[in-house]
Structures are given as C-alpha cells and as structure tokens.
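All remarks here apply to the structure that follows.
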Amino acid sequence: SYVVTVAKNASKVKRIFQLRAFERLTLDEIVERLFVEGLFYSDAKPRFSKTKVAHILHDRSYLGFIWFREQWWPGKHEALVDQTTWDLVRVSL
C-alpha cells in the first residue's frame, strides 16, 4: 500500500502540530484557531472535532512511519512533522 500526501491537508496537519507543540493550545483552542484561520476539516464540516485533532496528534504516520503487521515501520513517504515537534507534542499530552 502507498501513502499519498494531499497538500491542502498536509498544511492543516502541520498547523495542528505547531499549535500544540509551540503555542501549547488545548484541543478546544486548536479547533477554534483552525476555524478562525479558515483551515476547515471539509467543505461540509468546517470545524475539526476534538477527537480528530487528538487522533492526528497521536498518529505516527505524520512522523514518517507506517503501521504494518502490528508495529510501526519507517515509511518512504514525506514526514509532515519533525522529531523535535513530535517530541514536544508527546511531552505536552
């Protein structure tokens, strides 16, 4: 299977990590900030849910890994989040 990065969604993911790691916003604050900045979940549903934001912040695929055979493996896709940002988010959760 292949991992495909969608540019408009990649920028949203990067912003979510940035808001948590460097601005230390809560999930509610991240949801509100994304909406105010015009970064919508979809055309039909503009606001991200707190659950979706939490899921994104825990998903190692954004760090460049893939889940295969019950464990994480280095992927060949572009990492959207660097290790430092990932670590800052881990500490903040």
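Results, tabulated for the structure shown:
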read-out: Any hit, region 21-42, residues being at pLDDT 95 or above, of a type in the set (D, E, K, R), open to solvent by 40 Å² or more (accessible area, probe 1.4 Å) and under 13 Å from the mean Cα position of the chain (by Cα); value: no
read-out: Unmet criterion (only one of (1) in contact with a Phe, Trp or Tyr (Cβ under 8 Å, 6 or more places away or on another chain); (2) open to solvent by 80 Å² or more (accessible area, probe 1.4 Å); (3) part of a helix (DSSP H, G or I)) for residue 84; value: (1)
read-out: Within region 43-74, considering residues that are assigned to a loop (DSSP other than H, G, I, E, B) and hydrophobic (A, V, I, L, M, F, W, C), the one most open to solvent (accessible area, probe 1.4 Å); value: 44
read-out: Lone unmet requirement of (1) more than 12 Å from the chain's Cα centre (by Cα); (2) open to solvent by 100 Å² or more (accessible area, probe 1.4 Å); (3) not polar (S, T, N, Q) for residue 77; value: (2)
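The values are calculated or read from the model by the stated rules, or taken from the named source; none is laboratory data. All figures in this text were calculated on a predicted structure; none of them were measured in a lab. For neighbour counting, all protein chains shown are included, and Cβ atoms are generated from backbone atoms with ideal geometry for every residue, glycine included. These accessible areas exclude ligands, DNA and RNA; they are computed on the full protein's heavy atoms, side chains included. Shrake-Rupley method; radii C 1.70, N 1.55, O 1.52, S 1.80 Å.
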